[in-house]
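Novice: Provided herewith is a single structure, encoded as structure tokens, for subsequent inquiry.
Readers should treat all values here as calculations from the given coordinates under stated rules, not as data from a laboratory. Predicted model only: the values in this text are computed from it and were never measured. Here the Cβ positions follow ideal geometry from the backbone for every residue, glycine too, while neighbour counts run over all protein chains shown.
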Amino acid sequence: MDKPFFVMGNVHTNKCGTPPVVTNDVEGRYHGYFENSYGEQWVFVYDYSKKSGELRGGDANWDGIFQVVDGKVENLILGAEEAQWLSACWSAATARQ
């Protein structure tokens with residue numbers, strides 16, 4: 001793969017930290033991206049071998065990693081749209097287990 005088919009730029013300010021670089025170079029991971037109507041961006045990565053997920057968001061500081069357990073994020077309150085998206089990601093990522 002020499003050309004990516006999905007590239008998303010960071011719309012958050014530098015005060016929100018450094019956005020993660022997310023690629024599918026490492027096998028065995030599910031990736032999800034969401035941007036709500038306010039431009040808040042979220043990235044979810046599920047590792048099949050570890051059976052665990054991580055969530056990052058610009059408004060929650062890109063540098064922070066929030067653990068996702070059973071489809072719910074720990075130590076972070078999500079809006080209804082974000083929670084619904086995360087639930088869909090979790091369902092998709094864990095469907096083959």
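Novice: What are the residues in the range 57-94 that are within 14 Å of Arg29 (Cβ to Cβ) and either in a strand (DSSP E or B) or in contact with a helix residue (DSSP H, G or I) (Cβ under 6 Å, 6 or more places away or on another chain) (or both), if any?
Specialist: Val68
Novice: Could you tell me whether any residue of the range 27-42 is hydrophobic (A, V, I, L, M, F, W, C) and either out of contact with any helix residue (DSSP H, G or I) (no Cβ under 9 Å at 6 or more places or on another chain) or outside any strand (DSSP E or B) (or both)?
Specialist: Pass one, the range 27-42, residues hydrophobic (A, V, I, L, M, F, W, C): 34, 42.
Checking the rest, the ones that are also either out of contact with any helix residue (DSSP H, G or I) (no Cβ under 9 Å at 6 or more places or on another chain) or outside any strand (DSSP E or B) (or both) come to none.
No: zero hits.
Novice: Further question on the same structure: Of all the residues that make up the range 21-33, how many are surrounded by 14 or more Cβ atoms within 10 Å (Cβ to Cβ) and either over 21 Å from Ser91 (Cβ atoms) or of a type in the set (A, V, I, L, M, F, W, C) (or both)?
Specialist: Residues meeting the conditions: 1.
Novice: Tell me which residues, restricted to the range 47-64, are among the aromatic types (Phe, Trp, Tyr) and under 19 Å from Gly9 (Cβ atoms). Full working, then the answer.
Specialist: From the range 47-64, those among the aromatic types (Phe, Trp, Tyr) are 48, 62; that's our starting set.
If the condition is that a residue be among the aromatic types (Phe, Trp, Tyr) and under 19 Å from Gly9 (Cβ atoms), then Trp62 is the only one that fits.
Novice: Search the range 34-83 for residues being surrounded by fewer than 16 Cβ atoms within 10 Å (Cβ to Cβ) and among the β-branched types (Val, Ile, Thr), and hand back the single one that is farthest from Thr94 (Cα to Cα).
Specialist: Ile77
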